[in-house]
1. Only one of these conditions is not met by residue 265: (1) more than 30 Å from residue 24 (Cα to Cα); (2) modelled with pLDDT of 95 or more; (3) hydrophobic (A, V, I, L, M, F, W, C); (4) crowded, with 21+ Cβ neighbours inside 10 Å. Which number is it?
2. Taking the range 134-160, which residues are in contact (Cβ under 8 Å) with a residue 40 or more places away in the chain and open to solvent by 10 Å² or more (accessible area, probe 1.4 Å)?
3. Scan 342, 348 and give me the residue that is in contact (Cβ under 8 Å) with a residue 24 or more places away in the chain, buried (at least 20 other Cβ atoms within 10 Å of the Cβ) and either within 30 Å of residue 200 (Cα to Cα) or among the hydrophobic types (A, V, I, L, M, F, W, C) (or both).
4. Restricting attention to the range 289-302, report how many residues are farther than 19 Å from residue 105 by Cβ and either open to solvent by 10 Å² or more (accessible area, probe 1.4 Å) or without any contact (Cβ under 8 Å) to a residue 24 or more places away in the chain (or both).
5. How about the range 6-58: which of its residues are among the hydroxyl-bearing types (Ser, Thr, Tyr), surrounded by fewer than 21 Cβ atoms within 10 Å (Cβ to Cβ) and under 12 Å from residue 71 (Cβ atoms)?
6. Report yes if some residue within the range 246-255 is closer than 26 Å to residue 96 by Cβ, of a type in the set (S, T, N, Q), part of a loop (DSSP other than H, G, I, E, B) and in contact with a Ser or Thr (Cβ under 8 Å, 6 or more places away or on another chain); otherwise report no.
7. Can you report the number of residues in the range 141-182 which are at pLDDT 95 or above, among the polar types (S, T, N, Q) and within 20 Å of residue 96 (Cα to Cα)?
8. Among the residues of the range 84-116, which ones are over 18 Å from residue 285 (Cα atoms) and among the polar types (S, T, N, Q)?
Amino acid sequence: SVPLTGTMMQYGTSYKNAMEMAVADFNAAGGLNGEDVILEVYDDKGEQKEGINVANMIIGNEDTFAMIGSYGSSVSMAAAPVYQEAGMPMISPNTSHPDYPDMGSMMIPLACKSEVVFGEMAQKLFDQFGACNLAVIYQNTDVGITTLDAVKERFESLGGTVCAAETFVPNQTKDFTPLLSKIKATNPDILFLVAEYSDGASIVLQSKQLGMEDVQLVGVGNVFKQEFLDLAGTKADGMLLMGISRIYTPEIMESSSFGTYTEDIVKRYNETYGANGIAFDNFAALAYDAAMVAMNAAKNAGTDNTEALVQEIKKLNIPLCAGDAHFDENGDLIREIFVFSVQDGTFVFEASK
């Protein structure tokens, strides 16, 4: 269940391509005890109502043993009760809302709870910049709101100040200057962006037009895309980017060692889909992992006992393209935090935690 039309279709397309490749790889290696796994892809348009409609179609197929999707917390959480009632494992590559894992035993996030990961990001910023003024500009979504809460709570608990918090409608707000002007008046040292790549690029460009050259820009998650750099260019130089997934641009792949497993997947994906202008990204990595984890779990635990299947999925005992991950004793997913910067209009790997 992914958005293949609408404003979020680029993310759904990354999911779809990667899952197609994962299923082909799995089947080529022998499949599910000699049988091929079949991938069925439904377009939920990135809309809650459509996500529920799709969920009811998916659970109606008795041969389906797991679902993957959707993009974003709002659609995933709207559809989650359908999958829970049906007893179908729901693996969500990037749903980070803190309430999602508690919506039922079938819910399996491959993204950390936002309160965990964004709290850690706030810690990293405090460690690097000290007790300074931090402003947040965030999209008016569940993820945006929970991100603000997590960053504010951790940063201020350490002695820093969240001097401003302004929200916008994703993919609809075009003029950010009124919001940025309010933020500028509070004299921030850091501007923390929670935005899709297109909105993030607009915020970067408009902040520079307002003379906010000395403000340290920090982006998260969805600005980890080449399309962001295509829009922002060198105006984003000096920006820091933090996330729980890697960046897979050619420059990063050449200068970093992510291991032969990941490097092979990225190479083959780009050979297959790159000609269409769709390069491998963190959404593709998470979707590939989700499909592989589900299929290998079904191979080991079977598909008749869904509780056993869920427990096998949560072991995450296969190589992961998106980086190491595990569920801790509290049931929270823990991932590495990767830090990048923008230099000369390209992403540069800084560190991981």
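1. Here residue 265 clears every test but (1).
2. 138, 139, 141, 142, 143, 146, 148
3. So the residue among 342, 348 that is in contact (Cβ under 8 Å) with a residue 24 or more places away in the chain, buried (at least 20 other Cβ atoms within 10 Å of the Cβ) and either within 30 Å of residue 200 (Cα to Cα) or among the hydrophobic types (A, V, I, L, M, F, W, C) (or both) is 342.
4. Within the range 289-302, residues that are farther than 19 Å from residue 105 by Cβ and either open to solvent by 10 Å² or more (accessible area, probe 1.4 Å) or without any contact (Cβ under 8 Å) to a residue 24 or more places away in the chain (or both) number 3.
5. 7, 13
6. The answer is yes, given that some residue of the range 246-255 is closer than 26 Å to residue 96 by Cβ, of a type in the set (S, T, N, Q), part of a loop (DSSP other than H, G, I, E, B) and in contact with a Ser or Thr (Cβ under 8 Å, 6 or more places away or on another chain).
7. 1
8. Listed by number, the residues that qualify are 84, 105, 114.
The values are calculated or read from the model by the stated rules, or taken from the named source; none is laboratory data. Since the model is a prediction, treat every value here as computed from it, not as a measurement. No Cβ is skipped: glycine too gets one built from the backbone with ideal geometry, and neighbour counts run over all protein chains shown. Remember, those area values only see protein heavy atoms, side chains included, never the ligands or the DNA or RNA. Shrake-Rupley method; radii C 1.70, N 1.55, O 1.52, S 1.80 Å.
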